[in-house]
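Engineer: The structure that follows is given in the form of structure tokens.
The values are calculated or read from the model by the stated rules, or taken from the named source; none is laboratory data. This one's a predicted model, so the numbers in the text were calculated from it and none came from an experiment. Cβ placement follows ideal geometry from the backbone for every residue including glycine, while neighbour counts extend to all protein chains displayed. Note: accessible area is taken over every heavy atom of the protein model, side chains too, but ligands, DNA and RNA are not part of it. Shrake-Rupley method; radii C 1.70, N 1.55, O 1.52, S 1.80 Å.
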Amino acid sequence: MKKKLIKIIKKAGKILRKGFYSKKNVTFKAKKDLVTKYDVAVENYLKKEFSKHFKEFNLIAEESDNSQIVFGNSIIIDPIDGTTNFVNGVPHTAISVGVYKDKKPYIGVVYNPILDELYFAKVGCGAFLNGERIFVNSEKDLQKSLIATGFPYSSGENQEDLKDVVRRIERILPSCQDLRRLGSASIDLCFVARGVFEAYYEMNLKPWDVAAGIIILSEAGGKVSNLSGNEFNMFEDKYLVSSNGFIHNKLLEKLDI
Ligand code: LIP
């Protein structure tokens, strides 16, 4: 499956790349939630190829109606994670594909075609960036940690979510090296996996934002949980907290408001 999957995703990357350097017509799904014809084109291509080659899986995808699809043997697709970056020409944007067998993580692929960075992990076999093994870093001091986060689209109209983000930043920012908001959850998770960030947390993420990245991070030695420190459920949990493992508990303490 690995070879075929990567071949298809790399081909889809050409569509994303072409769009990145072209003029884009933007449609708004919500006040802050964008979509372009390239999101749809990448998704349609991936769905066509996956359904041809991986018949035993159903497909859950960001721009599709998933209401009739039961999560089980599933491929979870974000055709362009970091759409706002894509639209504005910020090169942190990726195709994210998470493969699950019987609801269990199996393979994760995150591909940034602008930087030509392909992250791959298969459960039990480690995580890789362009074929080279990657690992989380070993920083144990929260104060020396570079932490990524994100701001939910809901912050445009939901005061509670906005306040929640600000209150947690007030606690974390003085206690770490600095904060980053890179704008692509899948790449944020991969940046923890390769040791660039010590941690990454965000609220209101969707399964397609994280389905691949959590597999890659876990295989690189990292930890992913919800706010209580329990196993993260991508369909149910409001918050995702991820880290190199070493600073996880300290981060959870700070995030507890
Ligand atoms: C986005 C994320 C981003 C996050 C947004 C959104 P999209 O995905 O990757 O980091 O802050 O809430 O989920 O919409 O570009 O695929």
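Engineer: Every residue in segment 219-232 that is under 14 Å from the mean Cα position of the chain (by Cα) and part of a loop (DSSP other than H, G, I, E, B), please.
Structural biologist: Phe232
Engineer: Related question: Give me the residue from segment 21-35 that is under 19 Å from the mean Cα position of the chain (by Cα) and within 26 Å of Leu118 (Cβ to Cβ) and, out of that set, modelled with the lowest pLDDT.
Structural biologist: Among residues in segment 21-35 that are under 19 Å from the mean Cα position of the chain (by Cα) and within 26 Å of Leu118 (Cβ to Cβ), the one modelled with the lowest pLDDT is Leu34.
Engineer: Residue check: is Ile77 touching a Ser or Thr at 6+ places or on another chain (Cβ under 8 Å) and surrounded by 23 or more Cβ atoms within 10 Å (Cβ to Cβ)?
Structural biologist: Working: touching a Ser or Thr at 6+ places or on another chain (Cβ under 8 Å): yes; surrounded by 23 or more Cβ atoms within 10 Å (Cβ to Cβ): yes.
Spelling it out, Ile77 is indeed touching a Ser or Thr at 6+ places or on another chain (Cβ under 8 Å) and surrounded by 23 or more Cβ atoms within 10 Å (Cβ to Cβ).
Engineer: May I pose another question? Determine, yes or no, whether Tyr201 is open to solvent by less than 30 Å² (accessible area, probe 1.4 Å), assigned to a strand (DSSP E or B) and either in contact with a Cys (Cβ under 6 Å, 6 or more places away or on another chain) or not hydrophobic (A, V, I, L, M, F, W, C) (or both).
Structural biologist: On the way: open to solvent by less than 30 Å² (accessible area, probe 1.4 Å): yes; assigned to a strand (DSSP E or B): yes; either in contact with a Cys (Cβ under 6 Å, 6 or more places away or on another chain) or not hydrophobic (A, V, I, L, M, F, W, C) (or both): yes.
Criteria met by Tyr201.
Engineer: Oh, and also: Within segment 48-74, can you find the residues that are more than 16 Å from the ligand (Cβ to nearest atom), open to solvent by 30 Å² or more (accessible area, probe 1.4 Å) and not aliphatic (A, V, I, L, M)?
Structural biologist: Lys48, Ser51, Lys52, His53, Lys55, Glu56, Asn58, Asp65, Ser67, Gln68, Phe71, Asn73
Engineer: Out of all the residues in segment 150-198, which are surrounded by fewer than 19 Cβ atoms within 10 Å (Cβ to Cβ) and of a type in the set (Ser, Thr, Tyr)?
Structural biologist: Tyr153, Ser175
Engineer: Then there is this: Looking only at segment 28-42, filter to residues that are in a loop (DSSP other than H, G, I, E, B) and in contact (Cβ under 8 Å) with a residue 40 or more places away in the chain; which one of those is farthest from the ligand (Cβ to nearest atom)? Quick ask: steps written out before the conclusion?
Structural biologist: First, pick out the residues of segment 28-42 that are in a loop (DSSP other than H, G, I, E, B): 29-33.
From what's left, in contact (Cβ under 8 Å) with a residue 40 or more places away in the chain: 30-33.
Numbers: Ala30: 10, Lys31: 12, Lys32: 8, Asp33: 6 Å.
Top of the filtered list is Lys31.
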